[in-house]
Amino acid sequence: MPSPRIRRLTLDYELLQKILRGSSLMEISGAAGMPPEIYRFTYRLKGLYVSPSGEILERDTHLLEVNLTLDYPRRAPQCRMLTPIFHPNFDETSVCIGDFWAASEGLDDLIIRIGRMIAYQEYNTKSPLNGLAAKWAAEHAHLLPIDSRNISPVSEAQTPAPPLHPAGEVIVTEAKKDDPWETKIVIQ
């Protein structure tokens, strides 16, 4: 009989395959191990990054690597973006998921939540990894979310509201009718 960890890894893999099948916004673009312990996910969502000239620009494809360590699921997966991103809860080496990770949370829920974060549907400016992005988000909340599409692969009617940070600090934004990204935004 497989260990509890192997059973969990297998369940995560099967569930991810099921919920991402047919998704136009997210896909498993790589996996290592059987069952997988390292994943790469491709997101086709609007997000932001800083160009070499300092301009904040949109990017519509993002690559995430997720490492399920030996302590998984008791400890949160190690997540890092492989494409540059400008977001309060991301830095060059990690994605801040510690505020909401619990062993009972499924990897599928985490992958959807990170997609919401990329699109600025969720962000936390109170304990940021990127202070400059947190300041920008607080000053430009009227421009958010960057991508208002429903990220969850289930129908919109079945999608639960994203959970809030225990202190109520996660900011969930509403969709805007017009496109505010017709002009560039530059950090001064």
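The values are calculated or read from the model by the stated rules, or taken from the named source; none is laboratory data. Being a predicted model, the structure only gives us computed values, none of them experimental. Using ideal geometry, Cβ is built from the backbone for each residue, glycine included, and neighbour counts are taken over all protein chains shown. What goes into the accessible areas is simple: the full protein's heavy atoms, side chains included, and nothing from ligands, DNA or RNA. Shrake-Rupley method; radii C 1.70, N 1.55, O 1.52, S 1.80 Å.
Determine whether Ala137 is outside any loop (DSSP other than H, G, I, E, B) and surrounded by 14 or more Cβ atoms within 10 Å (Cβ to Cβ).
yes
Select, from Glu27, Glu65, the only residue that is touching a helix residue (DSSP H, G or I) at 6+ places or on another chain (Cβ under 8 Å), assigned to a strand (DSSP E or B) and either open to solvent by 60 Å² or more (accessible area, probe 1.4 Å) or among the acidic types (Asp, Glu) (or both).
Details: Glu65 fails: touching a helix residue (DSSP H, G or I) at 6+ places or on another chain (Cβ under 8 Å).
From the options Glu27, Glu65, the qualifying one is Glu27.
Identify the residue in segment 30-62 that is acidic (Asp, Glu) and closer than 22 Å to Gln121 by Cβ and, among all such residues, is most open to solvent (accessible area, probe 1.4 Å).
That would be Asp60.
Could you say which residue among Asp147, Asp178, Asp71 is open to solvent by 20 Å² or more (accessible area, probe 1.4 Å), modelled with pLDDT of 60 or more, among the acidic types (Asp, Glu) and part of a loop (DSSP other than H, G, I, E, B)?
Unique residue meeting the criteria: Asp71.
Restricting attention to segment 89-96, does a residue exist that is surrounded by fewer than 16 Cβ atoms within 10 Å (Cβ to Cβ), part of a loop (DSSP other than H, G, I, E, B) and under 13 Å from the mean Cα position of the chain (by Cα)?
Yes, there is a match, as at least one residue in segment 89-96 is surrounded by fewer than 16 Cβ atoms within 10 Å (Cβ to Cβ), part of a loop (DSSP other than H, G, I, E, B) and under 13 Å from the mean Cα position of the chain (by Cα).
Is it the case, given these coordinates, that Ile114 is among the β-branched types (Val, Ile, Thr), at pLDDT below 95 and either surrounded by fewer than 21 Cβ atoms within 10 Å (Cβ to Cβ) or within 30 Å of Glu14 (Cα to Cα) (or both)?
Spelling it out, it is not the case that Ile114 is among the β-branched types (Val, Ile, Thr), at pLDDT below 95 and either surrounded by fewer than 21 Cβ atoms within 10 Å (Cβ to Cβ) or within 30 Å of Glu14 (Cα to Cα) (or both).
Within segment 74-88, can you find the residues that are surrounded by fewer than 19 Cβ atoms within 10 Å (Cβ to Cβ) and in contact with a Leu (Cβ under 9 Å, 6 or more places away or on another chain)? Show your work before the answer.
If we filter segment 74-88 for residues that are surrounded by fewer than 19 Cβ atoms within 10 Å (Cβ to Cβ), which is where we start, we get 74-75, 78, 80, 82-84.
Of everything in segment 74-88, those that are surrounded by fewer than 19 Cβ atoms within 10 Å (Cβ to Cβ) and in contact with a Leu (Cβ under 9 Å, 6 or more places away or on another chain) turn out to be Gln78, Arg80, Leu82, Thr83.
Take the conditions open to solvent by less than 60 Å² (accessible area, probe 1.4 Å) and modelled with pLDDT of 95 or more and apply them to Phe100. Does it pass?
In short, no.
Name the residues in segment 108-126 that are in contact with a helix residue (DSSP H, G or I) (Cβ under 6 Å, 6 or more places away or on another chain) and in a helix (DSSP H, G or I), would you?
Asp108
Any residue at all in segment 90-104 that is among the aliphatic types (A, V, I, L, M), more than 16 Å from Ala133 (Cβ to Cβ) and in contact (Cβ under 8 Å) with a residue 60 or more places away in the chain?
No, that holds for no residue.
Considering only residues that are in contact (Cβ under 8 Å) with a residue 40 or more places away in the chain and buried (at least 16 other Cβ atoms within 10 Å of the Cβ), which ones fall in segment 4-22?
Selection gives Arg5, Arg8, Leu9, Asp12, Leu16, Ile19, Leu20.
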